[in-house]
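Engineer: Take this structure, written in structure tokens, and hold onto it; I'll ask about it next.
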Amino acid sequence: MKQSGNNQNKGKEKIARMARLKAVIKKEFLHMWRDPRSLVIIFVLPLVMIFIFGHVLSFDLKKTETLIIDLDRSLLSRELASRLAASPVYSIYSLSQGASHQKDKINQDSSIKLKDEKNGKENGNEAEGKKAEVKINGKKIIEGNQAESNISSQDKVSSKTKKGLTETADYFEVAEKWLHQGKIKQYLVIPPGFSRKLNSNQSVQVVVVIDGSDANVANRIYQYNERIFYNFFFRAQHLQPPFEPEIKMFFNPEIASTPFIIPGLVAALMLMISAMLTSLSLTREKETGSIDLLFISPLRSGEIILGKTFPYLIIALLVSLSIFLFAHFFFNFHLRGSPLLLFLSILIYLAVGLSLGLLISTVSSSQKVAMLVTLLGTILPSLFLSGFIFPLESLSPILHSLSYFIPATYFLRILRGIALKGASLHHFLFDALILILMSIFLLALATRKFQSLRRAKS
């Protein structure tokens, strides 16, 4: 009889506990329903941020403004210019457009033509009385034997420029001026005798001056230049490179920045939104004084924490879904792996964010403080210490050690593995276990801190 009575009491206690939990969950949903502006911000803010960052953050090098100073005026020098122009990385400037400061682009359809000044006929060989020029939509790139230049007064470097640039020094002065003004990112000087030295297998030096004010861009320009020059000089001497590696790009054949950037943005935004939802919830109760009613209620601390977490987990899941749909339609971000694995990973990651937000709310006195701490504690570390922008190997030893405490470090590996590589569970099991341990630790810490606040008030 006693055993059956105990079972009945336990059953009644479970029913009462579920009723109390439902009441807290219902109250939180009512709070959100009565504040539609906050809900709109919660859903719209991450979409706006991913739209802006997705377009602004790009590691692709395109249309690098390049000025070519050709002092050789040979077929080989113009072939080098065309090689550069054929790449989407470069946008070639013509010095003759200095008056209007317009870009004179050599597109992939540009061709090298030799124009006979006497009879206007085109020929494939240089001869006396003929001038070699690169035709680009009726225009030409800079050459030593210039016609009258259109350089404006502000670009005139000497009185001789009124009849065209006739001295080599004038070329360098204009190039340096444009480099300082930011009109170009680099300029190339093809020296006299370039073609002759190449044909006789002599060493030849092409001067390349790159704007190094942006180290990352300058380094990528240098690498592109090196690749093009290497191939050009072998072809110019009718030689084959010692080896030609067959390079295959897995997971991102176009080497585009978008598949690399979007997962990092998603990881940072999901952690920020989930943490902000719960951090503002409890601090709002503190500001209005309604938290005292929770303290004196028969609700247990665990029931309060769970009741406040569950509604925001639903909201965070919906926000995450909207982020992924937005990334798919606007940035062509595709999922190669299992949607179920991705959902479970998101669930674990959001649990970490919600637990972190609860912990922040227990130590924050106001919503402003909670929001500031949440932003500083989620978005900045997720962007800079998770391996999103900077590789973890390039960080200092101290920052590298700190990266192991950033939840986005582990979720970013999971997300990139599932979305880009189609990875299975065993590929990221360790990262998932770390996130589970993080969520348990943070939730336990937040519950204990909440209990201490409750005891202090009672």
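Engineer: Among rounded, prolate and oblate, which fits the stretch 407-448 when a ≥ b ≥ c are the square roots of the eigenvalues of its C-alpha gyration tensor, a/c under 1.5 means rounded, and a/b larger than b/c means prolate?
Structural biologist: Prolate, since a/c reaches 1.5 and a/b exceeds b/c.
Engineer: Need the full-extension length gain, ASN201 to PHE51, defined as separation in residues times 0.36 nm minus the C-alpha distance. One decimal, nm.
Structural biologist: Roughly 48.7 nm would be gained on extension.
Engineer: Let me ask another. Starting from the Cα-Cα distance between VAL369 and ARG17, subtract it from 0.36 nm times their residue separation and give me the gain in nm to one decimal.
Structural biologist: Gain on stretching VAL369 to ARG17: 123.4 nm.
Engineer: Still on this structure: Output wanted: per-residue J couplings in Hz (rounded whole) for the stretch 171-178, from phi through Karplus 6.51 cos²θ - 1.76 cosθ + 1.60, θ = phi - 60°, x for Gly and Pro.
Structural biologist: Once rounded to whole Hz, the list reads 4, 5, 5, 5, 4, 5, 5, 5.
Engineer: Beyond 31 Å between alpha-carbons counts as too far, so tell me which of LYS12/LYS368; LYS26/LYS449; LYS177/LYS248; LYS185/LYS421; LYS26/LYS368 fall in that bin.
Structural biologist: In this structure, LYS12/LYS368; LYS177/LYS248; LYS185/LYS421 exceed 31 Å between Cα atoms.
Engineer: Next up: For the stretch 286-292, just list the computed ³J(HN,Hα) in residue order, Karplus coefficients 6.51, -1.76 and 1.60, θ = phi - 60°, integers in Hz, with x standing in for Gly and Pro.
Structural biologist: For the stretch 286-292, the Karplus curve yields 5, 5, 7, x, 6, 5, 5 Hz.
Engineer: When only Cα pairs under 8 Å and 6 or more residues apart are kept, what is the percent relative contact order across the stretch 204-344?
Structural biologist: Rounded, it is 22 percent for the stretch 204-344.
Engineer: Taking 0.36 nm per residue of sequence separation and subtracting the Cα-Cα distance, how much length would be gained by fully extending the chain between GLN223 and HIS427, in nm to one decimal?
Structural biologist: Gain in length upon complete extension: 70.1 nm.
Engineer: Can you give me the long-range amide H partners of TYR93? Hydrogens built in the peptide plane at 1.01 Å from N, cutoff under 5 Å, separation of 5 or more residues or another chain.
Structural biologist: Correct list: THR66, LEU67, ILE68.
Engineer: Along the Cα-to-C-beta direction of LEU318, a point sits 7 Å from the Cα; which residues of the stretch 12-43 have their amide N less than 16 Å from that point?
Structural biologist: Correct set: 25-43.
Engineer: Also, quick follow-up: In nm, to one decimal, how far is the modelled label at ASN252 from the one at SER396, with both set 7 Å along Cα→Cβ?
Structural biologist: Result for the modelled spin labels: 2.7 nm.
Engineer: Under a plain spin-label model, where a point goes 7 Å from the Cα along Cα-to-Cβ, how far apart in nm are LEU306 and ASP214?
Structural biologist: If labels sit at LEU306 and ASP214, their model points lie 5.3 nm apart.
Engineer: So, one more: Could you tell me the calculated FRET efficiency between PHE329 and ILE440, based on Cβ-Cβ distance and R0 = 35 angstrom, to the nearest 0.05?
Structural biologist: 0.45
Engineer: Each residue of the stretch 192-203 in order: what ³J(HN,Hα) in whole Hz does its phi give by Karplus 6.51 cos²θ - 1.76 cosθ + 1.60, θ = phi - 60°, with x for Gly and Pro?
Structural biologist: Per residue, the Karplus-derived 3J(HN,Hα) values read x, x, 4, 5, 4, 5, 5, 5, 9, 6, 9, 6 Hz.
Engineer: How many nm is it between the label spots at PHE343 and ILE389, if each spot is 7 Å from the Cα in line with the beta carbon?
Structural biologist: Placing both labels 7 Å beyond Cα along the Cβ direction yields 3.5 nm.
Engineer: What GluC sites (Glu not before Pro) in the stretch 195-298 are in a loop by DSSP, with at most 12 other Cβ atoms within 10 Å of the Cβ?
Structural biologist: Within the stretch 195-298, the qualifying GluC sites (Glu not before Pro) (loop, at most 12 other Cβ atoms within 10 Å) are GLU246, GLU254.
Just so you know, all these numbers are worked out from the coordinates, no wet-lab data involved. Since this is a predicted model, take the numbers as computed values, not measurements. Neighbour counts run over all protein chains shown; Cβ positions are idealised from the backbone, glycine included.
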